[in-house]
Amino acid sequence: MRELEPAHVIDRAAVVRRHTIRYESPRPEAPLSVGNGELAFTVDHTGLQTFADRYERNAARARGEVAMPLGTQAQWGYHWEPNPGHELSDTLESFDSPRGPISYPTAYDYMEDREQSAASGRAAGYYYWVNPQRLHLAKIGLLLDGRTPEWGEVVVRSQVHDLWTGIVTSRFEVVGVPVEVRTAVDPERDAIAFAISSDLLDGGRLAVEIAFPSIEESFEAPPVWDEPEAHTTTLRREGDAHVWDRRIDDASYQVRAAGDVVVSGEGHRWRLTAAGDALHAVVELAPALGADVLVDAEAVFARSASGWEAFWRSGAALDLSGSTDERAHELERRIVLSQYQTKVHSSGSTPPQETGLICNSWGGTFHLEMHWWHAAHFPAWGRGELLERSLAWYADILPVAQRIAADQGFRGARWPKHVGPEGIESPNVIGPLLLWQQPHVISYAELLRMGAEDVGAVRERYRELVDETAEFLASFAFAGQEGAFHLPPPLMPAQEVYGARETWDPLFEVAYVRWALQTALAWRRADGREEPAEWAAVAEGLRPVISEDGHYDAVQNPPRTAYRDHPSMLGALGVVPDTGVLDHDAMLRTLERACEQWDWRSAWGWDFPMIAMCATRLDRSDIALDALLRPEAKNTYLANGHNQQVPHRMPLYLPGNGGLLMAAALLFAGWVDGDGSPRRVELPEGWVAEVEGFPARP
């Protein structure tokens, strides 16, 4: 493993702790989360979820406010609405292609609701669009005298989120009486610990409520509290612990409360009161709980502290404190907080949804073209094991991806786009026609290989995924004249504003598929295995074309660029490593024109890091930094570090956070050219970056 040598050993605790989050008032637009990658618990200013109803998006919008929901979500927590007899095949539509008709599951317009889809004959499309849904597992909040306190009865004194330990400490007054709540999640188990100190605990005036909701059968699937018959909650004792068995349709899970508490209640609402002068408890959630009971909240706090310190001391670190540019502190804040948020929300056993484990977006399912933006930075920052947690899922659904390819007449494995844990494609007019998620699997494997001490073990572990992905890409390409190959329709580019039936050779996809096939060939060469001649021919035959005015168009045939949505043509050099096929002068002209003409209101959070990566590879660190810090609504990073997107629908957007970290690794730590030589761009005046622990990357 090659590393760029640091100038000195960075004081990592100092870097992290100068960005400790401190609140002195409620911040509904930027609540705090504790979590471990598998489970996250998001809290209001009480350190729990006391005012969760007020934080719901629609409720906030009705008040003219912005809020982020307070979720308790886990990677394993999914629910399928009962299927009345729909089949995914009911959503297939036929598309013309150069090879003849191909069917895709596109018979659903995601702007339709249930009634519209039923009337239009697309009920199957709606069913698979909204299923599966991620569950809100439980709400845990304070009670005052048996009721939820009024907003004005709670006065904040301070709330501190110590990123170094992962512990949130909330101090406030309830009806004038001081209360302190500490909150954390165990690093290895899906367990929430809280410790409450207050004179109000005496006599049970202050208590904790654990409430279990149902789920609305809709796309965003918010928790529902007025349908008690739609789910079941059963309490039983296990020694000194209390266990609730939960069921919603075919989904079931268990919740266990342990500690020095007294439990009472019925139905779906239960109360924990202090057995002594403090209320310390551990609430663990799982599909099926193990026999080992976590009882000691203080032990969870200690494990949280040691686990987060181990995280911050692992992998790479970046210190911008030597910079004189006034923007450097803000960029470092975004980088530090993005590391925290992606560890909590994007490092689990399945790819994350765009809003992580806070609230549902797109039904709570995940988008495989976004997985790169969520998590490819982990190996780039020397924490490849956090990406590998979710790569095992690709191996699990490999048979699904192989069936998709075969059903469409291709070889290898075609990865779906918008899915839940089972890998079943969500039908819609765009997703099944996208191509750019396919090379991601090869990119993940190559990033892990370059950062590994045992590269042979990495190749062995991911060899089949790389081979099957490359086989699909080679079979998808269409042979043209004089050795040329093309990416033919139907194809929806990453910039989703062109007709899929007419689009040939979008630049980003051409460059990315070419690189992926070359990389897959290099893997086979390193193993001493045969290199398929077709892969090599397709890679050589995919040729980016400079337009007549000397720049690259987003779509090459017919040449055109729409200056809205994602400037994806810039990803052809940036996201995609330099393979020597792109003309840098033409790409710089393309970059400069995009920066001048783009409709930034239509861009998304990952577009700004994509621009920065392109600029970095063109030795324009000034443009890269300007892109990362451009003052646009969707390039806003809230006080909790989340990249805000569409406040009343998607109040956070983790692809922006992960993209920022990927761009920062490239900009400040450098990369390795195709010939193996290290490269590092010169920073503008006023910028000084100390780096350590960054592995080599392409």
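Values quoted throughout were computed directly from the atomic coordinates according to the rules given, and no laboratory measurement underlies them. As the structure is a prediction and not an experimental result, all values here were calculated from the model. Every residue, glycine among them, receives a Cβ derived from its backbone with ideal geometry; neighbour counts consider all protein chains shown.
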### Query
Which peptide among 359-371, 83-95, 46-58 comes first, and what is the full order, when sorted by highest mean count of other Cβ atoms within 10 Å?
359-371, 46-58, 83-95
## Note on the structure
Expected sort for 116-126, 220-230, 462-472 on mean C-beta neighbours within 10 Å, highest first, is 462-472, 116-126, 220-230
### Message
In the chain, if the dipole is taken from +1 on Lys/Arg beta carbons and -1 on Asp/Glu beta carbons about the Cα centre, which of Gly77, Pro421, Phe694 is farthest to the positive end?
### Response
Phe694
### Message
Please rank Leu337, Leu588, fewest neighbouring Cβ atoms within 10 Å first, as an exposure proxy.
### Response
Leu588, Leu337
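Only helices at least 18 Å long along their own axis, judged from Cα atoms, and with Kyte-Doolittle mean hydropathy of -1.0 or greater: name those in the chain from DSSP H. Mind dumping the intermediate values first?
Values: long enough: 297-313 (24 Å, -0.06); 328-345 (25 Å, -0.77); 384-396 (19 Å, -0.26); 455-476 (29 Å, -0.14); 507-527 (31 Å, 0.18); 584-597 (19 Å, -0.81).
Sorted by number, the helices that extend far enough and score high enough are 297-313, 328-345, 384-396, 455-476, 507-527, 584-597.
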### Message
Explain nothing, just the number: dipole magnitude of the chain about its Cα centre with +1 on each Lys and Arg Cβ and -1 on each Asp and Glu Cβ, in debye rounded to the nearest 20.
### Response
420 debye
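What full-extension length gain, to one decimal in nm, is calculated for Leu88 and His584 as 0.36 nm per residue of separation minus the Cα-Cα distance? Provide the component values of the computation, followed by the final result.
On the way: separation 496, 0.36 × 496 = 178.56 nm, distance 4.46 nm.
In short, 174.1 nm is gained.
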### Message
Spelling out what I want: for every residue of the stretch 135-140, take phi, set θ = phi - 60°, compute 6.51 cos²θ - 1.76 cosθ + 1.60 (Karplus), and round to whole Hz; glycine and proline get x.
### Response
7, 8, 6, 5, 10, 10
### Summary
Counting only backbone N atoms under 15 Å from a point 7 Å out along Cα-to-Cβ of Ser252, the residues of the stretch 222-241 in range are 231-236
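Expected output is a single nm value to one decimal: the length gained when fully extending between Arg269 and Ser314, i.e. 0.36 nm times separation in residues minus the C-alpha distance. What is it? All intermediate terms of the calculation are to be shown ahead of the outcome.
Values: separation 45, 0.36 × 45 = 16.20 nm, distance 4.13 nm.
Stretched out fully, the Arg269 to Ser314 stretch lengthens by 12.1 nm.
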### Query
Among Pro26, Leu200, Pro488, whose Cα lies farthest out toward the positive end of the dipole of the chain, if unit charges sit on the beta carbon of Lys, Arg (+1) and Asp, Glu (-1)?
Leu200
### Query
Once you put a point 7 Å from the Cα of Glu422 and another 7 Å from the Cα of Trp151, both along the Cβ direction, what distance in nm separates them?
4.1 nm
### Message
Restricting to DSSP H runs of at least four residues, report the calculated mean residue ellipticity at 222 nm for the chain, -39500 (n - 2.57) per run over all residues, nearest 500 deg cm²/dmol.
### Response
-9000 deg cm²/dmol
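Starting from the Cα gyration tensor of the stretch 352-420, take the square roots of the eigenvalues, sort them a ≥ b ≥ c, and report rounded, prolate or oblate (rounded when a/c is under 1.5, otherwise prolate if a/b is larger than b/c, else oblate).
It is oblate, given that a/c is not under 1.5 and a/b is not larger than b/c.
How would you classify the stretch 543-612 from its alpha-carbon gyration tensor, with a ≥ b ≥ c the square roots of the eigenvalues: rounded for a/c under 1.5, else prolate if a/b is greater than b/c, otherwise oblate?
Oblate, since a/c reaches 1.5 and b/c is not below a/b.
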### Task
For percent of Cα pairs over 52 Å apart, several values are listed as [x] 14; [y] 10; [z] 5; flag the one computed from this structure.
[y]
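Using Cα-Cα distances under 8 Å and only pairs 6 or more residues apart, what relative contact order does the stretch 489-571 have, in percent?
Values: 106 pairs, mean separation 29.5, N = 83.
Once normalised by length, the contact order is 36 percent.
For Cα pairs less than 8 Å apart in space and 6+ apart in sequence, what is the mean separation divided by the residue count of the stretch 1-146, i.e. the relative contact order in percent?
Numbers: 176 pairs, mean separation 31.6, N = 146.
Dividing the mean separation by the residue count of the stretch 1-146 yields 22 percent.
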### Message
Cut-off 14 Å, label point 7 angstrom out along Cα-to-Cβ of Asp599: give me the residues of the stretch 564-580 whose amide nitrogen falls inside.
### Response
564-567
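Specify whether the C-alpha gyration tensor of the stretch 135-211 places it in the rounded, prolate or oblate class, a ≥ b ≥ c being the square roots of the eigenvalues: rounded for a/c under 1.5, otherwise prolate if a/b is larger than b/c and oblate if not. Intermediate values should be presented prior to the final figure.
Values: a/c = 1.99, a/b = 1.36, b/c = 1.46.
Oblate, because a/c is 1.5 or more while a/b does not exceed b/c.
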### Point-to-point label distance, Ala14-Ile430, nm (Cα→Cβ direction, 7 Å offset)
4.6 nm
### Message
Taking amide H atoms as placed 1.01 Å from N in the peptide plane, list the residues 5 or more away in sequence, or in a different chain, whose amide H sits under 5 Å from that of His566.
### Response
Glu496
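Got the relative contact order for the chain handy, in percent, Cα pairs under 8 Å and 6 or more residues apart? If you can, show how the numbers build up before the last one.
Details: 1589 pairs, mean separation 108.7, N = 698.
That works out to 16 percent.
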